[in-house]
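Q: Right, I'll just put the structure down here and ask away after.
Where a number appears in this text, it was derived from the coordinates with a stated rule and is not lab data. For clarity, every value in this text was computed on a predicted model and none was experimentally measured. Please note: Cβ atoms are built from the backbone with ideal geometry, for glycine as well, and neighbour counts cover all protein chains shown.
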Amino acid sequence: MRKIITSFFILFFSIFTISNTFAWEDLKIISRSEWWANEQYRYWNSTAWQNIFKQRAINSKASAKRWANYPQWKKDSLRTRREKTAKMNAYLSKNFYNDIKIVSTQKYDWNNKLAWPISKTNFIKNIVIHHTESEYKDSYTWIKNIQKYHSINRQWWDIWYHFIIWYNGEIFEGRAWWDYVVAAHDTWNNRSTIGISIMWNYDKRKLTDKQYKSLKKLISYLTKKYWIDLNKKIPYHKECFWKSCTQALTTSYYYPIVWHKDWKATACPGYNNYHTIIPRLIKELQPQTEWYKTITLTSITAQKKAYTARINALNWSKIKQKISNFHPQIKIQLKSKLNYLLWFKINWKKEIIYKKLLKEIK
């Protein structure tokens, strides 16, 4: 305990220089609150979703009538598709259970019922890169349009991707609750995966230097956050559509950064960057990740609970008394630095301490 208390006072003298050596100092992620995401799109009782539910009920009745008039070949085709989907899910459950296991499901955001539950996996093992294909002149108008299109027009509840990168390198937070959250960007590889989409159509254009730098910084940050070893090959799954397929879903192994088209029958993310960007990213980032070992959400949650109890048991009245003697300007600077470091959530032990200190400073 004495060592922890001592570390607090060392922290006060060192925290002002941390940002000078912090590896992600110039990484800026524009949060959902900063780009004014419409969180009503996620809620069950919103006007948009109530209208969707009413229309679904109407469509369901109409679909039942249409089914009776379908030709037999079409009924057989739909049944075959359902059977194939069931086989692919069974294959993943049998062979890659830990990769797809859901460890947390949240049906409410505070007191608001969600239109679709928030699911989280136990770890993050890889990153899949996409392109948006669409083009806009204003980044904030564009991100809001993407949210509405994905959430309401396509009825996917929220943005497909965890992060999206604009022309000039701006990085936007996409999917809500993105720590370990399951997104919807790569059908058979959604779970335990981070999805990053880059603005523009890359069948027509090439990645800009600013976009590449932002992509590299973001991936560097994510590999550190989730301890993704870029030297270790991991499984990816792809649906097979040919008659010669011996199984519905095939699995291959590759490094933890891939293009969307590598594991899905799609042109995304275009042709122009396909053969150069990922090999370059892997080569440049592999050395810093070679000692990383996967960390899990469940293990961190248990450790956080125990560590929080330890921190709360400290003599905070004494610490608070010391803080009260600080000059007001020093307190302002300290709060600014603590809030800055909390944004990155790299070290959960420091995160717990920083939050406690912020509470006492206020």
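Q: Just to be sure I follow the definition: excluding the sites themselves, where is the longest run in the chain that has none of the GluC sites (Glu not before Pro) in a DSSP loop with at most 15 other Cβ atoms within 10 Å? Could you put the intermediate results ahead of the total?
A: Values: sites that count: E25, E34, E135, E290.
Looking at the chain, 136-289 is the longest stretch - no exposed GluC sites (Glu not before Pro) with at most 15 other Cβ atoms within 10 Å.
Q: Ok, one more. How far, in nm, would the chain grow between T85 and S244 when pulled straight, counting 0.36 nm per residue and subtracting the alpha carbon separation? Could the numbers behind the result be given before it?
A: Values: separation 159, 0.36 × 159 = 57.24 nm, distance 1.75 nm.
Length difference between fully extended and current span is 55.5 nm.
Q: Let me ask something else. PRE reach from Y292 (point 7 Å along Cα→Cβ): which of the stretch 224-248 fall under 15 Å by backbone N?
A: Answer for the stretch 224-248: 224-235.
Q: To continue, here is another question. Taking the Cβ of each residue in F96, F163 as the centre, tally the other Cβ atoms inside 10 Å and list the residues starting with the fewest.
A: Numbers: F96 16, F163 25.
Result, fewest neighbours first: F96, F163.
Q: By a straight-distance test (C-alpha under 20 Å), which lysines pair with K84 as possible cross-link partners, with residues fewer than eight away in the same chain excluded?
A: Straight-distance partners of K84: K74, K75, K94, K238, K243, K264.
Q: Could you sort out which of K125/K233; K232/K283; K224/K293; K224/K304; K337/K359; K28/K349 sit more than 20 Å apart by Cα distance in this structure? The partial results should precede the final answer.
A: Numbers: K125/K233 10 Å; K232/K283 13 Å; K224/K293 10 Å; K224/K304 18 Å; K337/K359 14 Å; K28/K349 22 Å.
As for pairs spanning more than 20 Å Cα to Cα, those are K28/K349.
Q: Quick one: angle between helix 328-344 and the longest Cα principal axis of the chain, in degrees between 0 and 90, rounded to 10, please.
A: In the chain, helix 328-344 runs at an angle near 30 degrees to the longest axis.
Q: Could you calculate the contour length gain from Q106 to N145, that is, 0.36 nm times the residue separation minus the distance between their Cα atoms, to one decimal place in nm? Present the calculation step by step, with values, prior to reporting the outcome.
A: Numbers: separation 39, 0.36 × 39 = 14.04 nm, distance 2.57 nm.
Using 0.36 nm per residue and subtracting the Cα-Cα distance, I get 11.5 nm.
Q: Something else: What distance in nm lies between label points placed 7 Å from Cα along the C-beta direction at S252 and L314?
A: Result: 5.1 nm between the two label points.
Q: Mind listing the phi-derived Karplus ³J(HN,Hα) values for the stretch 217-231, rounded to whole Hz, using 6.51, -1.76 and 1.60 with θ = phi - 60°, and x for any glycine or proline?
A: Whole-Hz 3J(HN,Hα) from phi for the stretch 217-231: 4, 5, 5, 4, 4, 5, 5, 6, 4, 9, 6, 8, 8, 6, 8.
Q: Which one, (1) 163; (2) 180; (3) 126, gives volume of the Cα convex hull per residue in Å³ as derived from the coordinates shown?
A: (2)
Q: Compute the distance in nm between two label points, each set 7 Å from the Cα along the Cα-to-Cβ direction, one at S134 and one at Q155.
A: A separation of 1.9 nm, rounded to one decimal place.
Q: Now a separate question. HN-Hα J couplings of the stretch 158-174 from phi, Karplus 6.51/-1.76/1.60, θ = phi - 60°, integer Hz, Gly and Pro as x?
A: These are the phi-based 3J(HN,Hα) values: 7, 5, 3, 9, 7, 9, 9, 10, 7, 3, 8, x, 4, 10, 10, 6, x Hz.
Q: Sticking with this one: Most exposed first by the Cβ proxy, i.e. fewest other Cβ within 10 Å, how do S119, S324 rank?
A: Working: S119 17, S324 10.
So the ranking, lowest neighbour count to highest, is S324, S119.
Q: If one takes the longest principal axis of the Cα atoms in the chain, at what angle in degrees, from 0 to 90 and to the nearest 10, does the Cα axis of helix 297-312 lie?
A: That helix lies at roughly 20 degrees to the long axis.
Q: Quick one: what are the phi-derived ³J(HN,Hα) couplings along the stretch 84-98, Karplus 6.51/-1.76/1.60 with θ = phi - 60°, whole Hz, x for glycine and proline?
A: 5, 4, 4, 5, 5, 5, 5, 4, 5, 4, 6, 9, 9, 4, 5
Q: If you don't mind, there's one more thing I want to ask. For the stretch 136-157 and the stretch 163-227, what is the separation of their C-alpha centers, rounded to whole Å?
A: The stretch 136-157 and the stretch 163-227 have Cα centres separated by 16 Å.
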